[in-house]
Amino acid sequence: MDLLQSSYEDESPDSSPIPKPLDPTQHVVGFNPTYEQLWAPICGPAHPYAKDGLAQGLRNHKLGFVEDASIEPFVFDEQYNTFQKYGYAVDPSENSYIGDLEKMKECDAISVYNIPQHEQKKRKLEKKKEKMEEEGDEQDVDMTEVENPSTDTWLMKNRKSPWAGKKEGLQVELSEEQKKYAEEYAKKKGEERGGDKDKAEPMVEKSTFHGKEEKDYQGRSWIAPPKDAKAANDHCYIPKRLVHTWSGHTKGVSAIRFFPKHGHLILSAGMDTKVKIWDVYNSGKCMRTYMGHTKAVRDIWFSNDGTKFLTAGYDKYIKYWDTETGQVIQTFTTGKIPYVVRLNPDEDKQNVLLAGMSDKKIVQWDINSGQITQEYDQHLGAVNTITFVDNNRRFVTSSDDKSLRVWEYGIPVVIKYISEPHMHSMPSISPHPNGNWIAAQSLDNQILIYSTRERFQLNKKKRFAGHIVAGYACQVNFSPDGRFVFSGDGEGRCWFWDWKSCKVFRTLKCHDGVCIGAEWHPLEQSKVATCGWDGLIKYWD
């Protein structure tokens, strides 16, 4: 007991003349602090990340922490407006007045909403006078005018609101000065509109070849795949180390695509308005730059043989390019931003282009004629993805309206509509190599798996999580053998999961900022390319 008493005496506030303040970030206090210790102001050097000493977590306003006051909005408005008009208001904390106290005595402490007696009398008299005037006018009123709603007399007789009073005589003729101003204004508006039209027109397409020669000594094109490129075996392995970095984009890279079937070239879409194609096997350099957009490029897609590709830009244009020469074959636009572009994967339908637009439509063009052949218009938000399933007879689309819709190709009627209250937007969808499943990147930081069979059911047993993608359209993908699922995330990492067990296999720190795209090489079993908003494309083995 004596021991306890002595320890309490040591900790008593009298024993130390200056109470030591507590660190507000401390979670556990090993003694009973006094009131003074708890509430002592924080002194000392400024916090490097919280200049006013408030930790980020305590803020609820950009200037610090704001407490809610239990005061009715009406009461606040009354005092605010009273102060603006008369210069005084009630101080709620002390029940006294602040501001111009002499004015307060003069006005008998009324608020703007409390009209004094004499003011009420004045208003009554004004109303009475108006009524008398009306009755005087009635004696010489034409009854036909009273019954005609288009006349002022009818308005005066049937007015319900204080604003429906006497109509001011409309000024029909404009003065010279007004006419001059109106002409100038119209001219200025016309110029602005003309300027907008010029801006909306597509820029002149250019393309620069950076390689040594476009044809080799045998006359083969630079895009021709190497003869010896074949898959060694079907078994894929997770990459471990960085083997190459392609840098050439001055802003972030929004998408990458390997050359179909061979992967000897990789195409990249940049936010610097350029599209570049890079060599993968030999020099590792940029082979050609395609310049045809005035704003960032959103999506790219190769044709089946890789000789042509599509680009979609925020300048509202979709362009169909020749990979080898850099010529633009065709340009498409609806005046809305295309978020995703796809060619029909069937060999006999390589002239059919589908684009998901910002105005909630999926538009289908015939590339040969340049005509819109179909519009799929059911979504309630911008369309983010188009994925062909079921031997390309159907396609699945996702949108900002947080739903998945399945369409029969060529028929603009939804055959399956998937929307649950717990679903989030799915900005990236990828089909499994066996064609039975699709993986959808959900913005609640998980990858969901849906069956592509008749019912398009969610596979509740398969769910891949651990990464943070909320707010970013990070691409999800499969390894060519279907054993691994992989995706970038918002913190620059690339995540690999095992398809069977759904466990995280490996994470690689790939980029500073967002790792937006990741593609597995179609032939080399352990090679993966990633791209990020740091403007780099990295190749991992």
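The values are calculated or read from the model by the stated rules, or taken from the named source; none is laboratory data. For clarity, every value in this text was computed on a predicted model and none was experimentally measured. In this analysis, Cβ positions are derived from the backbone assuming ideal geometry, glycine residues included, and neighbour counts consider all displayed protein chains. Surface areas here come from the heavy atoms of the whole protein model, side chains and all, with no ligands, DNA or RNA. Shrake-Rupley method; radii C 1.70, N 1.55, O 1.52, S 1.80 Å.
If you check E94, E102, E184, E192 for being under 49 Å from the mean Cα position of the chain (by Cα) and either among the aliphatic types (A, V, I, L, M) or modelled with pLDDT of 75 or more (or both), only one passes: E184. Checked against the criteria, V389 does not count as over 17 Å from Y450 (Cα atoms) and at pLDDT 90 or above. Looking at region 260-270, is at least one residue without any contact (Cβ under 8 Å) to a residue 24 or more places away in the chain and outside any loop (DSSP other than H, G, I, E, B)? Looking for residues that are without any contact (Cβ under 8 Å) to a residue 24 or more places away in the chain and outside any loop (DSSP other than H, G, I, E, B), one finds none in region 260-270, hence no.
Residues in region 146-181 that are at pLDDT below 75 and of a type in the set (D, E, K, R): 8 in all.
For region 342-385, taking the residues that are under 22 Å from I418 (Cα atoms) and among the polar types (S, T, N, Q), the one that is surrounded by the most Cβ atoms within 10 Å (Cβ to Cβ) is identified as T385.
Checked against the criterion of being in contact with a Ser or Thr (Cβ under 6 Å, 6 or more places away or on another chain) and modelled with pLDDT under 75, the candidates P45, P17, P13 yield just one match: P13. G313 meets each of the listed conditions (1) out of contact with any Phe, Trp or Tyr (no Cβ under 9 Å at 6 or more places or on another chain); (2) open to solvent by 40 Å² or more (accessible area, probe 1.4 Å) apart from (2). Scan region 71-88 for residues that are within 14 Å of M104 (Cβ to Cβ) and either β-branched (V, I, T) or in a helix (DSSP H, G or I) (or both) and jot them down. Of everything in region 71-88, those that are within 14 Å of M104 (Cβ to Cβ) and either β-branched (V, I, T) or in a helix (DSSP H, G or I) (or both) turn out to be Q79, T82, F83, K85, Y86. Just one of the listed residues (I256, I318) is open to solvent by less than 20 Å² (accessible area, probe 1.4 Å), farther than 30 Å from W495 by Cα and among the aliphatic types (A, V, I, L, M), and it is I318. Within region 435-454, the set of residues being among the acidic types (D, E) and either without any contact (Cβ under 8 Å) to a residue 12 or more places away in the chain or in contact with a Ser or Thr (Cβ under 7 Å, 6 or more places away or on another chain) (or both) comprises E454 only. Kindly indicate whether A224 is surrounded by 12 or more Cβ atoms within 10 Å (Cβ to Cβ), modelled with pLDDT under 80 and assigned by the TED database to the domain that holds G335. For A224, the condition - surrounded by 12 or more Cβ atoms within 10 Å (Cβ to Cβ), modelled with pLDDT under 80 and assigned by the TED database to the domain that holds G335 - is not met. Within region 226-248, can one find any residue that is part of a loop (DSSP other than H, G, I, E, B), among the β-branched types (V, I, T) and farther than 26 Å from D498 by Cβ? So far as region 226-248 goes, no, none of its residues is part of a loop (DSSP other than H, G, I, E, B), among the β-branched types (V, I, T) and farther than 26 Å from D498 by Cβ.
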